[in-house]
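Just below is one structure, and these are the notes that go with it.
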Amino acid sequence: MLKNYMVIAWRNLLKNKIFSFINITGLAIGLACFLLIALFVLDELSYDKYNEKAGQIYRINARIKFGGADQTNPLSSDMMGEVLKKDYPEVENYVRLYNANGDKLIKKGNDYINEHNVVHADSTLFDVFTLPVIAGDAKTALNAPNTVVITEKIANKYFGSNDAVGKTMETNDNTRTTYKVTAVIKNIPQNSHFNFDFFFSIKNVDYSWGSFIYNNFHTYLLLKKGTDYKAFEKNFTQYEDKYVLPQAKQFMHIKSMADFRSAGNILEYSLMPLTQVHLYSDMQNEFLPPGNIQFVYIFSAVALFILVIACINFMNLTTARSAKRAKEVGIRKVLGTERKELIAQFLLESIFMVILSMLIAIGIAWLVLPLFNDVAAKNMALSSLFSPIILPLLVALPFGVGLLAGSYPAFFLSAFRPIEVLKGKLKLSGGGLRSGLVVFQFFASIVLIIGATIIYRQLHYIQTKNVGFNKNEVLIINGTGALNDVYAFKNAVTKIAGVQSGTISGFLPVSSSMRNDNIFSKEPSMDVKNGFDMQMWRVDYDYINTMGMQLVKGRNFSNSYGSDSNAVIINETTAKILGYNNPIGKKLYKTSSKAKGDHEIIGVVKNFNYESLKQTVGPLCFFPGKSTGLTSFKVSTANLPMIMKEVESCWKAMAPGIPYSFRFLDDSFNDMYKDEQRIGKIVLIFSVLAILIACLGLFGLSTFIAEQRTKEIGIRKVLGASVQSIVELISKEFLILVAIAFIIAAPTAWWAMNKWLADFAYRINIEWWVFALAGVVAFGIALATMSYQAIKTALMNPVKSLRME
């Protein structure tokens, strides 16, 4: 019996080739899209779960609102982990990670290689994170200074094998240091919020400040099993009173933390579960650019929309086409076929078609996955589809969709009396259901069109907005701190034709750059009312000119003024916080670090966006000083290849053996929005596919309706109906459905995209024409899809359609 059902199913596929192709292809494309997006979503949700104790690991975050500045970052003080473990038994262990300098030059042979994935770590690293050791002893690996743990990739790169324990590596970071390799670990999985290849001992960092005020470390706590981290967070108030307050009193008139908070200030610490860092952190100073849980929601919605659209197509076309088999059902019932056999036949045929579509979909996903990985910046494998989470879905989906699609012909047609069917008295229903499903298809398609348009417009706005500095034509040379005389290098390069100016500073107006915040006051005696937290950048006298920033008041730093070594230039936000109509000549006071004392304000620079446009511009000031990690040059693009060649020649002459590395400031600026750019591309691609799938379904349905109304159209033509009126007759029903879909989709898309844009401090306005455009596109696509079949039917010779009457 089963074999007979399969033979009939196969014959029906071959008999209706166009219908079968549209039905199976549409569903296969939809399923392939769903599988690819499912892989992406699963990968995003899997971050850091490779750690065996992931459920017990939490990172300390700090929020500081003081004066006009309000910032949250993933950093804490050098002492916080230690005292929390000492004071609270819930803390099983802690580890600190520190990478203020970012890169290190590692010697290989006679040359140096600039390595980016480097960090300093406590000896407790292996007690907290799961980093499998291939060689060496994890318990003692980072106990001593001048020790380093490396990944197997680095071991093979520098030593040719994993046998690297006991060997040495020399670094060139201002002072040359030799480190002993004490362990080799497996490469860190890609789905981790950090991907370091070098873990240097934290004992090589000059961090012994004993400070509870300044936050410079990523600190992770390993809490004991069963600890409620939200309940544990309540201990931070006690920590602030016991440790932070005594140090704050040394430079600020403050009676208590309650006094500090009553002035509108905030100092609060919180814990973030390790498995939430990648998707829920929107802070600066992350080791890697984080993901965004909203993107997961967006992709999940897109995947669901596409899957539902594809399934609706399949169900619509299957139920519509089943009407052609009414006489087959009648004849088979006359010949003695039982209803349950007919039900089994229709359901099996439907399931068979879905299984065929699923197999094709897996093949499409396999072929497209490398391209999808490139666009999504992932390294996903198709084998993940057969994980315990996805495999049950793959198995259940054909049966679920097949049963739904086959239910109409199975239970509706099989219930009719054969005499009614054979006499042609059978009245088929299901039009209302099909109409509702078409509405949903175009609702989803219009939402995707509007979403893709708004995402593109926001990204274009980011690219073209005046951010207050010249991000174009600025060449950045990396690693210049390793030069013996960086000033000589700067002077040599600025003499090259086409190089307009140069500046030495590690501080750049992009989020991946060096940052340093400190506490200032407008009065010599600091208190909770006149103090505020502010970014403090050390720059040279050519910085403002090279970066193309604009002074709105006062002057730039100058060698003509001997007092400028203690001067300061502030931005407009700082001037607003200070409340001076004219801040030039006024003083800023700082009670700690090298900039201690009073500092005269000599200039005000126009606000510039030094972080992502998701953040507002905070208070910032420039101090003259040395920060030699990067050297930037304003260059002319008229003869850029020759300029680049001469800059490289200068480098090689002054830095033999040290790698030459450069980038452009606009590239670093664009890197801040890579995730948004990737999401925009992917949403656009899947929006086009969703519309294509919907069009396939609409084409199939219009074909079916045209066939059903062939004789009616023949009669109308005999009675004088024009081709135009017949096309309008066939198209009108579907265009009304598209109009209903648009009315529902427009407010839905407006709400969803407002939620997404809320992440940006600087954003576009959602304008009416975006919705009008989406409506025109949807109507145009629907009309174009139906026009072919409608015109073909309208042009048919009425004699052919009526000769059977």
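The values are calculated or read from the model by the stated rules, or taken from the named source; none is laboratory data. Predicted model only: the values in this text are computed from it and were never measured. Neighbour counts are summed over all protein chains in view; Cβ atoms, including those assigned to glycine, are modelled from backbone coordinates with ideal geometry. Note: accessible area is taken over every heavy atom of the protein model, side chains too, but ligands, DNA and RNA are not part of it. Shrake-Rupley method; radii C 1.70, N 1.55, O 1.52, S 1.80 Å.
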Legend entry - Any pair with Cβ under 8 angstrom, 6 or more apart, that starts in segment 538-562 at a residue that is over 23 Å from residue 475 (Cα atoms) and ends at one that is assigned to a loop (DSSP other than H, G, I, E, B): 552/606; 553/582; 553/583; 553/584; 554/584; 558/541; 559/541
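One line per residue, one yes/no per condition, for (1) open to solvent by 20 Å² or more (accessible area, probe 1.4 Å); (2) free of Cβ contacts under 8 Å to residues at least 12 places away in the same chain; (3) among the hydrophobic types (A, V, I, L, M, F, W, C):
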| position | (1), (2), (3) |
| --- | --- |
| 47 | yes, no, no |
| 63 | yes, no, no |
| 74 | no, no, no |
| 117 | yes, no, no |
| 126 | yes, no, yes |
Inset, instruction - State yes or no: is residue 582 open to solvent by less than 50 Å² (accessible area, probe 1.4 Å), at pLDDT 85 or above and part of a loop (DSSP other than H, G, I, E, B)? - result: no
Inset, instruction - Give the number of residues within segment 441-475 that are open to solvent by less than 10 Å² (accessible area, probe 1.4 Å) and in contact with an Asp or Glu (Cβ under 9 Å, 6 or more places away or on another chain). - result: 4
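For residue 705, are the conditions met, namely being part of a helix (DSSP H, G or I), modelled with pLDDT under 80 and open to solvent by less than 40 Å² (accessible area, probe 1.4 Å)?
Values: part of a helix (DSSP H, G or I): yes; modelled with pLDDT under 80: yes; open to solvent by less than 40 Å² (accessible area, probe 1.4 Å): yes.
Criteria met by residue 705.
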Legend entry - All positions within segment 167-197 that are over 25 Å from residue 48 (Cα atoms), touching a Gly at 6+ places or on another chain (Cβ under 9 Å) and not polar (S, T, N, Q): 173, 180, 181
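Are any residues in segment 128-158 among the polar types (S, T, N, Q) and either part of a helix (DSSP H, G or I) or open to solvent by less than 20 Å² (accessible area, probe 1.4 Å) (or both), and if so, which ones? Steps first, please.
Quick first cut of segment 128-158, residues among the polar types (S, T, N, Q) only: 130, 140, 143, 146-147, 151, 156.
Within segment 128-158, 147, 151, 156 meet the criteria.
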Inset, instruction - Scan segment 731-769 residue by residue and report those that are modelled with pLDDT of 90 or more and hydroxyl-bearing (Ser, Thr, Tyr). - result: 748
Inset, instruction - Scan 255, 234 and give me the residue that is open to solvent by 70 Å² or more (accessible area, probe 1.4 Å), over 23 Å from residue 193 (Cα atoms) and within 37 Å of the chain's Cα centre (by Cα). - result: 234
Inset, instruction - Would you be able to tell me the number of residues in segment 500-521 that are surrounded by fewer than 20 Cβ atoms within 10 Å (Cβ to Cβ) and farther than 30 Å from residue 287 by Cα? - result: 2
Inset, instruction - Could you please give the count of residues in segment 755-788 that are part of a helix (DSSP H, G or I) and of a type in the set (Lys, Arg)? - result: 1
Legend entry - residue 622 vs. criteria closer than 21 Å to residue 465 by Cβ and either open to solvent by less than 10 Å² (accessible area, probe 1.4 Å) or not in a helix (DSSP H, G or I) (or both): no
Inset, instruction - From (1) among the charged types (D, E, K, R); (2) closer than 29 Å to residue 482 by Cα; (3) surrounded by fewer than 20 Cβ atoms within 10 Å (Cβ to Cβ), pick out the condition that doesn't hold for residue 96. - result: (3)
Inset, instruction - Determine whether residue 529 is open to solvent by 10 Å² or more (accessible area, probe 1.4 Å) and modelled with pLDDT of 80 or more. - result: no
Legend entry - Enumeration of residues in segment 532-561 that are crowded, with 22+ Cβ neighbours inside 10 Å, in a loop (DSSP other than H, G, I, E, B) and within 32 Å of the chain's Cα centre (by Cα): 547
Inset, instruction - Scan segment 428-439 for residues that are at pLDDT below 80 and of a type outside the set (Lys, Arg) and jot them down. - result: 428, 429, 430, 431, 432, 433, 435, 436, 437, 438
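Residues of segment 476-497 being of a type in the set (Ser, Thr, Tyr) and open to solvent by 20 Å² or more (accessible area, probe 1.4 Å), which ones?
Start the filter on segment 476-497 by keeping residues that are of a type in the set (Ser, Thr, Tyr), which leaves 480, 487, 494.
The answer is 487, 494.
Of the residues that sit in segment 192-209 and are touching a His at 6+ places or on another chain (Cβ under 8 Å) and assigned to a loop (DSSP other than H, G, I, E, B), which one is modelled with the lowest pLDDT?
Within segment 192-209, the subset touching a His at 6+ places or on another chain (Cβ under 8 Å) is 193, 199-202, 204-205.
Applying the additional criterion that residues be assigned to a loop (DSSP other than H, G, I, E, B) yields 193, 205.
Numbers: 193: 91, 205: 83.
Filtering first and then ranking leaves 205.
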Legend entry - Identity of the residue in segment 710-754, part of a loop (DSSP other than H, G, I, E, B) and not hydroxyl-bearing (Ser, Thr, Tyr), that ends up least open to solvent (accessible area, probe 1.4 Å): 721
Legend entry - Residue check, residue 500 at pLDDT 80 or above and not acidic (Asp, Glu): yes
